[in-house]
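Chemist: Please read through the structure below; I'll follow up with questions.
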């Protein structure tokens with residue numbers, strides 16, 4: 001059984017390495033010498049616990065179901081294209097800034113109703129009048145304002 005798990009890990013590592021190459025191709029025409037940081041580095045770590053700014057370690061990805069894994073990959077590509085559009089001065093009206101979405105723990109495809117609902121949930125939790133943290137509430141409001 002352990003062999004099956006390591007094959008799964010190897011499969012995911014292989015796919016993640018392909019994603020890294022694909023990001024280089026999308027953003028830099030495949031040029032490996034471009035010094036710009038990759039979105040990939042902020043998303044994935046091929047080692048055990050997530051390193052540095054990586055959101056997902058290999059252990060976390062292996063434990064996900066197919067839908068969860070697909071969601072991570074979708075969010076990754078949305079972020080890659082967001083950065084690509086910004087870097088190249090292209091209009092990106094359809095794409096929402098990733099950082100506020102991340103703060104609200106929402107996917108790139110979140111519609112205005114989902115954003116509003118999540119904001120209200122977190123506002124109840126962070127509002128100073130209900131015993132929450134004023135700084136977190138201000139950060140939440142700023143994230144929400146960037147999305148609406």
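The values are calculated or read from the model by the stated rules, or taken from the named source; none is laboratory data. Model, not experiment: these values are computed from the prediction. Note: ideal-geometry Cβ built from the backbone for every residue, glycine included; neighbour counts use all protein chains shown.
Chemist: Considering every residue within segment 61-73, establish whether at least one is loosely packed, with under 15 Cβ neighbours inside 10 Å and closer than 22 Å to residue 143 by Cβ.
Modeler: Within segment 61-73 (the criterion being loosely packed, with under 15 Cβ neighbours inside 10 Å and closer than 22 Å to residue 143 by Cβ), the answer is no, since none of the residues qualifies.
Chemist: Go through (1) within 17 Å of the chain's Cα centre (by Cα); (2) farther than 27 Å from residue 14 by Cα; (3) surrounded by 15 or more Cβ atoms within 10 Å (Cβ to Cβ) one by one and return the number of the condition residue 111 breaks.
Modeler: It is condition (3) that residue 111 fails.
Chemist: Sticking with this structure for a sec: Of all residues being buried (at least 19 other Cβ atoms within 10 Å of the Cβ) and under 10 Å from the mean Cα position of the chain (by Cα) in segment 79-102, which is modelled with the highest pLDDT? Just the residue, please.
Modeler: The selected residue is 80.
Chemist: Still on this structure, please answer the following. Restrict the check to segment 106-114 and report whether at least one residue is assigned to a helix (DSSP H, G or I), farther than 30 Å from residue 36 by Cβ and either modelled with pLDDT of 90 or more or touching a helix residue (DSSP H, G or I) at 6+ places or on another chain (Cβ under 6 Å) (or both).
Modeler: yes
Chemist: Identify, please: which residue in segment 127-148 is more than 20 Å from residue 97 (Cβ to Cβ) and surrounded by 15 or more Cβ atoms within 10 Å (Cβ to Cβ) and is, among those, modelled with the highest pLDDT?
Modeler: Selected residue: 127.
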